[in-house]
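Peer 1: Sharing a structure below in C-alpha cells format, with a few things to ask.
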Amino acid sequence: MNARVTMSALAKALGLSESTISRALKGDPRIGKDTRDRVNQLAAELGYRPNPLVSALMSVRKKGGSGEVGTVALVTDYHGEGGWRSKDVCLWEYAGICRRADELGYRVEEFPMSDFHYDAAKLEKALLTRGIRGVLLGFSRDRTERAGLSINQFTVAGLSTYFREVPVDRANFHGFFNVQLALGELRAAGYKRTGLVVPEFNNRISGYLWSGGALDWQTRQAESDRCTPFIPHAGDEEKDFAKWVKRENPDSLLVYKFPVKSWLSKSGLRVPEDIALAYLYRTEDEMKTWPGIHGNLQAVGAAAFDLVVEGLHTHRLGAPADPKEVLIKGIWKATP
C-alpha cells in the first residue's frame, strides 16, 4: 500500500473534484460509469486505500439512527452591516466549510439566531426535533442580550472566536504568525517602521493575536524602529488615524479593512511613495494591486468542520474537558 496516494492526488491526476472522486469510489450512480471506471482503475494502479479515519466517520454517519445525522447546523448571529454574506472573509471560510462537508458526505444548513428571536432554547429544540447533533458556531457579532446556548446534547465546535463565550474546540487563522510573517516581509523589503492598522472588533476576532504579534515584533526591534499599533474602537477613526500617523511616523502600514489610502491622501501623503501599504486578508480587489497575507481561510473553515465530525465520530457531547484550538497559517503574497 502506498500511504502517500490520497484522494486529492487522484483528483489532480484525473482533473476531477475530490467529491467526484469520493462518490465514484463509492459507486455513486450520480457519477457516470465511464468516470467511475477511470477513477477505480487509477486508484488500483496507484495503490490507493481509503483513509481509515474518514471511513470510520462515514460509518458513524450511516449508523447514526433516526434524525438528520448527515446535517451539521451552522449557527450564526451576525446582525447588521449587510450580514456575514457581504464579507469576503466570511465567504472564504464558508466555502471551506461547505467543501469539507461535501467531501465527507455531509450537508451544512444555516440556523440564524434571528430566526428563533434570539432564544437559544427555541434553537436547541428545533435541532433536537430534527435529530441534528452536529453544530458549528460561526459568524456572530457581540450582542449583550444573547441568551446562553446549552451544548450538553450536541457535538459542537467553533469557527474563529465567534460565540467566544461558549467553551468548545475551535479552528482559527494564526493571527500571531500571519502578522509577524507580514512584518518580516516588509522588513526584508527595507521598511523599518511598519504600523499595524486594524479595527478593535476584528482584532478581538483574531483572539488578540494580531496585536500580540505586532507588539512582540516591536520588542525585538531597535527602539527607533518601533511603531505602536493603531487599533481603534468604532468612532472617529479617520481623525484619530491622522493623529497617530503624525505621532508614530510609520514608513509602511499593515492594514485590515480601513480605507487608509484615502485617509493618507487627505493628509498629503502618497502610497507607496511616502508610506508603503500591505494588507491582512485582502478583498478580491485589493489582491490585484497590493501585497499582503493570503489567510488560507477556506482551510480554517474546513478545519472547523473537521472538529465537528471528529466529535461526532467519538460521540463527544457538550463542552470538552480541555478545549483545543487549531491555528491555520497564512501565506505572504506579493502583487501579481
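Peer 1: If you build a Gaussian network model of the chain, linking Cα atoms that sit under 10 Å apart, which residue out of L277, L136, L196 swings the most?
Peer 2: L277
Peer 1: Under a plain spin-label model, where a point goes 7 Å from the Cα along Cα-to-Cβ, how far apart in nm are R270 and L215?
Peer 2: Once both label points are built, they end up 3.7 nm from each other.
Peer 1: In the Gaussian network model of the chain, springs joining C-alpha atoms below 10 Å, which of A24, A222, A319 carries the largest mean-square fluctuation?
Peer 2: A222
Peer 1: Order R23, R141, R247 by their accessible area, 1.4 angstrom probe, all chains in place, largest first.
Peer 2: Numbers: R23 65, R141 35, R247 155 Å².
Order by accessible area, largest first: R247, R23, R141.
Peer 1: Using modelled amide H (1.01 Å from N, peptide plane; none on Pro or chain starts), what sits under 5 Å from the amide H of S140, excluding residues fewer than 5 places away?
Peer 2: The answer is D77, F163.
Peer 1: Quote the accessible area belonging to V5 in square angstrom, nearest 10, computed with a 1.4 Å probe and with ligands, DNA and RNA left uncounted.
Peer 2: 20 Å²
Peer 1: If you take the C-alpha gyration tensor of the chain, multiply each eigenvalue by 5 and take the square root, what semi-axes do you get, largest first, in whole Å?
Peer 2: Result for the chain: semi-axes of 41, 26, 17 Å.
Peer 1: Oh, and also: Can you list residues whose amide H is under 5 Å from L74's amide H, if they're 5+ apart or on another chain and H is modeled 1.01 Å from N?
Peer 2: Hits under the 5 Å cutoff: E109, E110, F111, L136.
Peer 1: Choose one answer from L297, L181, L149: the residue with the largest mean-square fluctuation in a GNM of the chain with alpha-carbon springs under 10 Å.
Peer 2: L149
Peer 1: Helix 88-103 versus the longest principal axis of the chain: what angle, 0 to 90°, nearest 10, using Cα atoms?
Peer 2: Taking the Cα atoms of the chain, the angle to 88-103 is about 20 degrees.
Peer 1: Apply the Karplus parameterisation 6.51 cos²θ - 1.76 cosθ + 1.60, with θ equal to phi minus 60°, to every residue of the range 201-218 and state each ³J(HN,Hα) to the nearest whole Hz, in sequence, with x for glycine and proline.
Peer 2: Whole-Hz 3J(HN,Hα) from phi for the range 201-218: 4, 6, 4, 5, 4, 6, x, 6, 6, 4, 5, x, x, 5, 5, 4, 4, 4.
Peer 1: Distance in nm between label sites at S114 and D225, each 7 Å beyond Cα in the beta-carbon direction?
Peer 2: In this crude label model, S114 to D225 measures out at 4.7 nm.
Peer 1: Give the lysines reachable from K329 as a straight Cα distance under 30 Å; neighbours fewer than 8 places away on the same chain don't count.
Peer 2: Cross-link targets: K12, K87, K192, K257, K261, K288.
Peer 1: Which angle between 0 and 90 degrees, to the nearest 10, do you get for helix 33-46 versus the longest principal axis of the chain when only C-alpha atoms count?
Peer 2: For 33-46 against the chain, the angle is about 80 degrees.
Peer 1: Here is a further query. What's the angle, to the nearest 10 degrees (0 to 90), between helix 175-188's Cα axis and the longest principal axis of the chain?
Peer 2: It is inclined by approximately 50 degrees.
Peer 1: If I take every Cα pair under 8 Å that is 6 or more residues apart in the chain, average their sequence separation and divide by the length, what percent do I get for the relative contact order? Display every interim value, and only then the final one.
Peer 2: Details: 561 pairs, mean separation 67.7, N = 336.
Averaging sequence separation for qualifying contacts and normalising by length gives 20 percent for the chain.
Peer 1: What list of whole percents do you get for P(r) of the range 130-235, with Cα-Cα distances grouped in 5 Å bins up to the one holding the largest distance?
Peer 2: Here the calculated profile for the range 130-235 is 2, 11, 18, 18, 14, 12, 9, 8, 5, 3, 1, 0, 0.
Peer 1: Name the residues of the range 97-114 whose amide N is less than 11 Å from a point 7 angstrom out from the Cα of H79 along the C-beta direction?
Peer 2: What the label zone holds, given the 11 Å backbone N cut-off, is 113-114.
Peer 1: Sticking with this structure for a sec: Give the long-range amide H neighbours of D169: residues separated by 5 or more places, or on another chain, with amide H under 5 Å away, using H modelled in the peptide plane at 1.01 Å from N.
Peer 2: G158, K324
The values are calculated or read from the model by the stated rules, or taken from the named source; none is laboratory data. Just so you know, these numbers come straight off a predicted model, no measurement behind them. Methodologically, a virtual Cβ is constructed for each residue, glycine included, from the backbone with ideal geometry; neighbour enumeration extends over all protein chains shown. What goes into the accessible areas is simple: the full protein's heavy atoms, side chains included, and nothing from ligands, DNA or RNA. Shrake-Rupley method; radii C 1.70, N 1.55, O 1.52, S 1.80 Å.
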